[in-house]
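Data block below; observations after.
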Amino acid sequence: MSLSEEHLRKAVDDVLEPAWEDERRRAAAWHTWCTLGRVVGGMFALGALGLVARLVVGLTFPWTFWAFVAGLVTIAAFHDARDPAHLRRHPDDGDGLPAPR
């Protein structure tokens with residue numbers, strides 16, 4: 001990296017660094033609410049499926065089934081919503097970019 005690029009990167013970091021914490025906090029909150037929305041949406045979809053099964057076929061599921069499936073839906077939603085790499089700073093490389101996978 002040339003000297004002028006290094007100065008430009010340092011200047012941009014100096015200007016944007018105070019805003020980065022707020023942006024990271026806002027993005028993490030939005031990500032959490034989206035994950036909870038996915039859990040609630042999955043529960044409503046399963047409830048609708050159970051209602052359709054009961055009305056159309058007459059099949060009734062026990063409450064333990066719904067508790068087990070609710071746990072699976074929650075685990076799946078939170079597993080997919082791991083901490084995004086672009087919301088983290090990597091102090092070991094110094095450039096603030098995500099480490100390559």
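Side notes on the structure shown:
- Some residue of region 5-16 being in a helix (DSSP H, G or I) and either in contact with a Ser or Thr (Cβ under 7 Å, 6 or more places away or on another chain) or among the β-branched types (V, I, T) (or both): yes
- Scanning region 35-50 for residues that are within 15 Å of P62 (Cα to Cα) and in contact with a Phe, Trp or Tyr (Cβ under 9 Å, 6 or more places away or on another chain) yields a total of 3.
- Restricting attention to region 19-71, the residues that are acidic (D, E) and part of a loop (DSSP other than H, G, I, E, B) add up to 0.
- Only one of A11, A28, A48 that is surrounded by 12 or more Cβ atoms within 10 Å (Cβ to Cβ) and of a type in the set (G, A, S): A28
- Selection of region 62-78 for residues being of a type outside the set (S, T, Y) and either in contact with a helix residue (DSSP H, G or I) (Cβ under 6 Å, 6 or more places away or on another chain) or surrounded by 14 or more Cβ atoms within 10 Å (Cβ to Cβ) (or both) yields W66, V69, A70, V73, A77, F78.
Laboratory data are not the source of any read-out in this text; all were calculated from the coordinates shown. The model shown is predicted, which means the values in this text are computed figures rather than measured ones. Because the Cβ atoms are built from the backbone with ideal geometry, glycine has one as well, and the counts that use them run over all protein chains shown.
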